[in-house]
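A short write-up of the structure that comes next.
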Amino acid sequence: MIKTTNLTKVYQTDEIETTALNNINFQVNEGEFVSIMGPSGCGKSTLLNVIGLIDTASSGEYYFNGIEVAKFNERQRANIRKGNIGFVFQSFNLIDELTVYENIELPLLYLKVSATERKKMVNEVMEHMQIMHRKSHFPQQLSGGQQQRVAVARAVVAKPKVILADEPTGNLDSKHGDEVMNILTELNEAGTTIIMVTHSPSYAEYSNRIVHLFDGKVVTENMKNKFHL
Amino acid sequence: MFSNYLKIALRNLKKYKGFTLINITGLAVGIACFIVLSLFILDELGYDSFNKNADRIYRVYVHSVVNGIETSNSKTAAPTGETLLRDFPEVENYTRIGYFEHYKFRKGDQVFRESGIYTADSSYFQIFSLPLLYGDANTALLKPNSLVMTETLAKKYFGDENPLGKMIQIEGRDAFQVTGVMRNYPDKSHFSCDGLLSSSTYPITQSHYWLDLWYTTYILLREGTEPRELEEKMQKTVLDNVGPQAEALLGIRLEQFYAAGNSYGFYLQPLTSIHLRSQRDYQIDLNTEWGDIKTSDIVYVWFFSAVAFFILLIAVINFINLATARSENRAKEVGIRKTVGSSQFKLVGQFIIESVLMCAIAVFIALVLVELVLPWFNTLIGKKLDLQFFNNLATIPVLILFTLVVGLLAGGYPAFYLAAVQPGQILKASTGRGSGKSALRSALVIIQFTISIALIIGTIVIKKQVNYIQNKDLGFKKDFLLSINNAGVLGPRMEEFKQQLEGNPGIISLTNGSRMFESGIPGNGYLYDKKSGTDPVSFQYLDVDYDFLKTFQIELRDGRFFSRDFSTDTNAVVINEAGVKDCHATDPVGKELTKIGERGSQTFTIIGVVKDFNYESLHREVRPLAFHLCHPRQPASILTVRVASQNLPATIKYIEETWNRFIQTEGCYYTFLEQNLANMYIAEQKTGIVTTVFSILAIFIACLGLFGLAAFVIEKRFKEIGIRKILGASPLSLLGMLAQDFAKWILLANVIAWPCAWYVMNKWLQNFAYRTETSWWIFILATGLVLIIAMLTIGYQTMRAVRTNPVDSLHYE
């Protein structure tokens, strides 16, 4: 489903050139749950962003569902993102001016889903995430865990093929962190591909495979297939 | 401390370059507009104030209601001034200006036609403060044939030598003696001419006839005189003097005349009101002013004052909006200053110093801009505006004061707003949050767009009206008409000249008639179907020849026009439809029309009625008009030639060559009639251009502010834009979302702008008897234009945000 060949990302500032991703060869199959680990600044988030098509690579190839998308322009990338990729961020990234319901509804609006259909889908996902009672609240009125559940709900409402989660538990206590991980596992079991960046070895354990990055390079890949357990 | 403030201020200006640029550009352009318009307004307001006794000089005018028609005439009868001086101790002095003809001045073997010589009483220089370079102001205009020349005229005939006492030979009459040279009239004089001839040259100026209104009479009142009281007393002069003569003429007593609902009186108009208020406040018929009088309208002064104020307001609003919008960026500085002990008062001072500094820079740039554009603006409006940096002591202090006031206006609110931030709040506040919305900012932006939209509507209405005037069917065919304006010099050889021209195939028809399409078309009282009575009808009259109707291609409605086949036509008259209406005539052809006059009335037979055509500017409706078949007075004569559209250059060449065979002393001075027609609306055309220019500048400044504000709002919503993009928002939907607020403001602005503009423009259109409508599409167009310009402005900023990688907007936090 996702395959990168010699993917490289270089950040260029006035004087310094920083290589965030260095010839990454990386593959994720449909239905997999992959964790990306590594120290701060090793390029985890950059890799996730490039995979999520919200950032561009400097060179290399990137196949999404067999299509080479590395050279796509913003509009083409937006079209791939829409409905295919869901994002969960460490800092939730909810829109403060919109209610819980409206935040979750947003991707459906951009997918031009009909109003009745939207209502059904949003309610369904809120029910599932147990945030129905918070429907009319604004993000600031919620706890971190609740906010992340809203963010996850927003990521999954359009039923994307892939969910990219960038340290989804980073801002949460362990109780809420476990909750979010359980939701992700559940989604994976239902067939959604999940790629997650995390610092936490214990949360990485939830996935099938762990990819270790160091200085922009893949150093090890541990198959932690559940079938082996 | 001050230097610290100054340092911080300068560093801030440098740090936020974009903001500084927008603010200073907007302010500078706004201030430049304000200064230019202020100079224009001050110039308009200062007319005739160069006269030492300006506040005590009044012009006498005659106001009458005859037969339901109200007229105010700026001209008075010959004995008016003299009688007022004799009868009322309040009157200290008087003088009259009159006009008789143009003169042919001889210089060596050259002859020049001088049409700018007016007659004046010897007291002229005691009333008006016009210094004489040579000659004695008290005696210069005493003796007949005494001429006081302006500097320019003196130079033309005598070069640099002193012409005092020299004689000027005049073709066909006695020579004039130069008794004085005066400085040229100041630009800001309602009246100006090339030379003044003593009134005593013409014995008729001593006439005691009260019913011919031919002189402008100015009186100088003694200090402390109440003009209203004098006006009341002056009505007795009317009864005592006009009364008996009117009775003799009309055959009825003045009491009967009044009883029939008519009135006739003398009134006073302050000298300084002549330029701006003659028509609006005194309803003085422009037609009764001297030909080259400069008149304007106080309405334009108000209009441009409003424009000046509003443009400055737009610029000041930009400043307030951007400064408050930016406040969060400076909240940290405020917090730290407060924690280390600054008082709120000191902070306010600091921010005000910043805005005054910015304002000072803007004023400086504005002055440079003004200096650059003034020459162009002067050509546009035909004035000599000047900043008077060095020759007016008040200029620099006024500019400094202006800088302080604008600085305070613009910086005052933001200063209090910024300084009121509490240190605690700053620590808690997470910058980058919030949508950047503020009720005050919204209100201010709405004001800006209200002004912009109203200005655009005004511009379009003025353009539409000027267009309408230029294309209106005037009742005759106005193209391919050539006016030979100095045809009068042909004198007795006119017929011969006409015959010569008629032989050319390029010339269809030509007619010699008195002047039209300008002020000064003479009028007179006429009686319809009787030789005396209470109800004279006021007609303008034109002297024409047989070919008038044919040349102008005016429709005949009834009867016939003058014809060579009828030798009796010298006693015939042709009138227009408006005349038929005012006479309440049902079947006028064959009836009599009597022209009331000093040397006995003259009775004519009406032989025809022509369709109304606009022989005056479209400011007024077509008035009754009578045509007489006779040779026009020489200075009023104009030869109108209808030429064929083919071979026009050859035809013009033929006319010029023929002219040169007839007249050697001066060239053929011709114009196309359409050009003469356009000249009647120069004021409107200029207003149109000036409004267009300033509307564009107003919108430019408003958009500059919008540009800054959009940048600010987008900066605030950068993260949101990123999230929405990740969730699949298209650039267009983002543009729509961001533009929504601005569009809402603009639409709200319409609600205010439309009725205001509609009201003001309809008022303006009332100045015209023939006017276009303020159609609905003008309003839509103005709104559309502003909306598009604003959206382009916002669009640029939005696209910048939309184009960035979504991840950058998240990192931004």
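The table below gives the values:
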read-out	value
Wholly within segment B:700-813, helices (runs of 4 or more DSSP H) carrying at least 1 residues that are farther than 30 Å from A:Phe72 by Cα and of a type outside the set (Gly, Ala, Ser)	B:731-765, B:776-803
Every pair of residues 6+ apart whose Cβ atoms lie under 7 Å, when the first sits in segment B:762-782 and is over 17 Å from B:Glu616 (Cα atoms) and not assigned by TED's automatic domain parsing to the domain that holds B:Val622 while the second is surrounded by fewer than 18 Cβ atoms within 10 Å (Cβ to Cβ) and of a type in the set (Phe, Trp, Tyr)	B:Thr772/B:Tyr468; B:Thr774/B:Trp758
Out of B:Ile714, B:Ile726, B:Ile721, sole residue that is in contact with a strand residue (DSSP E or B) (Cβ under 7 Å, 6 or more places away or on another chain) and either under 21 Å from B:Ile317 (Cα atoms) or within 11 Å of another protein chain (Cβ to nearest Cβ) (or both)	B:Ile726
Which listed residue, of A:Ile54, A:Ile80, is surrounded by 15 or more Cβ atoms within 10 Å (Cβ to Cβ), in contact with a Pro (Cβ under 7 Å, 6 or more places away or on another chain) and free of Cβ contacts under 8 Å to residues at least 60 places away in the same chain	A:Ile54
Among (1) more than 30 Å from A:Gly86 (Cα to Cα); (2) of a type in the set (D, E, K, R); (3) within 14 Å of chain A (Cβ to nearest Cβ), the one test that B:Lys744 misses	(3)
Lone unmet requirement of (1) surrounded by fewer than 19 Cβ atoms within 10 Å (Cβ to Cβ); (2) over 28 Å from A:Glu97 (Cα atoms) for B:Leu747	(2)
Failed condition for A:Gln140, given (1) closer than 27 Å to A:Asn65 by Cβ; (2) within 11 Å of chain B (Cβ to nearest Cβ); (3) polar (S, T, N, Q)	(1)
Complete set of residues in segment A:163-179 that are surrounded by 22 or more Cβ atoms within 10 Å (Cβ to Cβ) and either in contact with a strand residue (DSSP E or B) (Cβ under 8 Å, 6 or more places away or on another chain) or on the phi > 0 side of the Ramachandran plot (or both)	A:Ile163, A:Leu164, A:Ala165, A:Asp166, A:Pro168
Residues located in segment A:60-76, provided they are at pLDDT 85 or above, surrounded by fewer than 17 Cβ atoms within 10 Å (Cβ to Cβ) and over 20 Å from A:Ala20 (Cα atoms)	A:Asn65, A:Gly66, A:Ile67, A:Glu68
Residue among A:Arg209, A:Arg134, A:Arg149, A:Arg154 that is under 23 Å from A:Pro39 (Cβ atoms) and among the basic types (Lys, Arg)	A:Arg209
Pair list, Cβ < 6 Å and 6+ apart or interchain, from segment B:41-64 residues that are touching a residue at least 12 places away in the same chain (Cβ under 8 Å) and at positive phi to residues that are among the hydrophobic types (A, V, I, L, M, F, W, C) and part of a helix (DSSP H, G or I)	B:Asp48/B:Ala54; B:Asp48/B:Leu271
Test: residue in segment B:84-91 that is assigned to a strand (DSSP E or B), more than 24 Å from the chain's Cα centre (by Cα) and assigned by TED's automatic domain parsing to the domain that holds B:Leu221	yes
Residues that are away from chain B (no Cβ under 14 Å) and farther than 15 Å from A:Val162 by Cβ, drawn from segment A:29-67	A:Met37, A:Gly38, A:Pro39, A:Ser40, A:Cys42, A:Ser59, A:Gly60, A:Glu61
When residues of segment A:68-110 are limited to those that are assigned to a helix (DSSP H, G or I) and of a type in the set (Asp, Glu), the one nearest to the other protein chains (Cβ to nearest Cβ)	A:Glu74
Candidates B:Leu385, B:Leu380, B:Leu372 - the one that is farther than 20 Å from B:Ala323 by Cβ, assigned to a loop (DSSP other than H, G, I, E, B) and in the same structural domain as B:Gly412 (by TED's automatic domain parsing)	B:Leu385
Some residue of segment B:122-139 being at positive phi, touching an Asp or Glu at 6+ places or on another chain (Cβ under 9 Å) and not hydroxyl-bearing (Ser, Thr, Tyr)	no
Among residues of segment A:111-132, those that are away from chain B (no Cβ under 14 Å), farther than 25 Å from A:Met181 by Cβ and not in a helix (DSSP H, G or I), counted	1
Filter result for A:Ala57 (touching an Asp or Glu at 6+ places or on another chain (Cβ under 6 Å) and either modelled with pLDDT under 85 or over 20 Å from A:His199 (Cβ atoms) (or both))	no
When residues of segment B:63-75 are limited to those that are surrounded by fewer than 23 Cβ atoms within 10 Å (Cβ to Cβ) and touching a Phe, Trp or Tyr at 6+ places or on another chain (Cβ under 7 Å), the one farthest from B:Ile274 (Cα to Cα)	B:Ser64
Checking B:Ile352 against (1) surrounded by 15 or more Cβ atoms within 10 Å (Cβ to Cβ); (2) out of contact with any Lys or Arg (no Cβ under 7 Å at 6 or more places or on another chain); (3) within 30 Å of B:Glu684 (Cβ to Cβ), the condition it does not meet	(3)
Of the criteria (1) within 35 Å of the chain's Cα centre (by Cα); (2) crowded, with 18+ Cβ neighbours inside 10 Å; (3) under 30 Å from B:Pro144 (Cβ atoms), which one B:Asn262 fails	(3)
Members of segment B:491-522 found to be in a helix (DSSP H, G or I) and at negative phi, listed by number	B:Pro492, B:Arg493, B:Met494, B:Glu495, B:Glu496, B:Phe497, B:Lys498, B:Gln499, B:Gln500, B:Leu501, B:Glu502
Among (1) modelled with pLDDT of 90 or more; (2) closer than 30 Å to B:Asn524 by Cβ, the one test that B:Val36 misses	(2)
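Residue-wise test of (1) surrounded by 15 or more Cβ atoms within 10 Å (Cβ to Cβ); (2) assigned to a strand (DSSP E or B); (3) among the aromatic types (Phe, Trp, Tyr); (4) not assigned by TED's automatic domain parsing to the domain that holds B:Glu496.
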{"residue": "B:Phe604", "(1), (2), (3), (4)": "yes, yes, yes, no"}
{"residue": "B:Gly608", "(1), (2), (3), (4)": "yes, yes, no, no"}
{"residue": "B:Glu621", "(1), (2), (3), (4)": "no, no, no, no"}
{"residue": "B:Pro632", "(1), (2), (3), (4)": "yes, no, no, no"}
{"residue": "B:Ile638", "(1), (2), (3), (4)": "yes, yes, no, no"}
{"residue": "B:Ser645", "(1), (2), (3), (4)": "no, no, no, no"}
{"residue": "B:Thr651", "(1), (2), (3), (4)": "yes, no, no, no"}
{"residue": "B:Tyr654", "(1), (2), (3), (4)": "yes, no, yes, no"}
{"residue": "B:Gln675", "(1), (2), (3), (4)": "no, no, no, no"}
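The values are calculated or read from the model by the stated rules, or taken from the named source; none is laboratory data. Since the model is a prediction, treat every value here as computed from it, not as a measurement. Heads up, the Cβs are rebuilt from the backbone with ideal geometry, glycines too, and the neighbour counts pull from every protein chain shown.
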